Structure formats: structure tokens, C-alpha cells
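Okay, so here's the structure we're looking at.
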Amino acid sequence: MKNFALLLFFICFLSGCKDNDDIIIIPACGVVNPLQGLEWLKTEINRRNQNLSEDMKYCYIVQAEYNGETVFAYADCNPLVNKAIPVLNCEGVSPNTQSNPIPFDDLQNKRIIWKGNNFVCEVSF
């Protein structure tokens, strides 16, 4: 029985190791875990997890602050692509417009909260 408990612990320990171990979830928008507590964000992450395209290895989602409010940015580190990064508030609405975009560099306290399978980029803020 003791060996079985040890084996079970070892299996649980190994299954807990993932590429996303460096991701730290911080409460925001009135929920403990925005990835699970914000339905629009949960839906987007599920959509991205099911997307098997090669481009997903460059995709990540950032939680940050802009003008004292929590925001989420759908970022991309593909070196061959230069695109606008959508920034969304807690309701999943973009506070920026084409005529008044929010520059990614203007976001404070950025942290990655999701990244694609086989993520290939080194990102530092």
C-alpha cells in the first residue's frame, strides 16, 4: 500500500509539469482566476487550444494594466508578422479604436497568462 501511494504521488508530480509552469495567475476583474472566471476569455482560450495551426506557437495572452484598469492583450511574437495587438478590458470589450490604438508598450505590469502549445518565443517585459 505504501508503494502504491508513493507511485500515485510520483505520477501526480510528473503530470503537473507542463510548458506553462512559469505562468502565474493573478486575481483580476472581480474573479480569482480570470482564465476560468471570465467567460469570454475562457472561450477564447478554448478556441486557441483547439486551433492546431502552426501559427499558434507564436501566440500568447497577456494580463496587464492600462490607466489603472486590468486589460488583456492577444499578443503574437511571430517575427514575420507585424500586426495590431487587440487589447480588451474585463468585459471583453476593446477600449481602443483604430484611430486611437493602445500601444503594447504602454501596458504596465505585463505577465503572460496563456501561451500556445509548443510556444517558441522568448518574451521579456
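Values computed for the structure shown
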quantity: Karplus 3J(HN,Hα) series, Hz, for the range 39-47 with 6.51 cos²θ - 1.76 cosθ + 1.60 (x for Gly, Pro); calculated: 4, 5, 6, 4, 4, 5, 5, 4, 4
quantity: For the range 27-83: rounded, prolate or oblate by the Cα gyration tensor [a/c cutoff 1.5]; calculated: oblate
quantity: Cα-based Kirkwood hydrodynamic radius, the range 14-125, one decimal, Å; calculated: 14.7
quantity: The range 34-88 and the range 94-118: distance between their alpha carbon centers, rounded to Å; calculated: 8
quantity: Surrounding net charge for G92, when Lys and Arg each add one and Asp and Glu each subtract one, Cβ distance under 15 Å; calculated: -1
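Coordinate-derived values only; no laboratory data. What you see is a predicted model, and the numbers here were worked out from it, not measured in a lab. In this analysis, Cβ positions are derived from the backbone assuming ideal geometry, glycine residues included, and neighbour counts consider all displayed protein chains.
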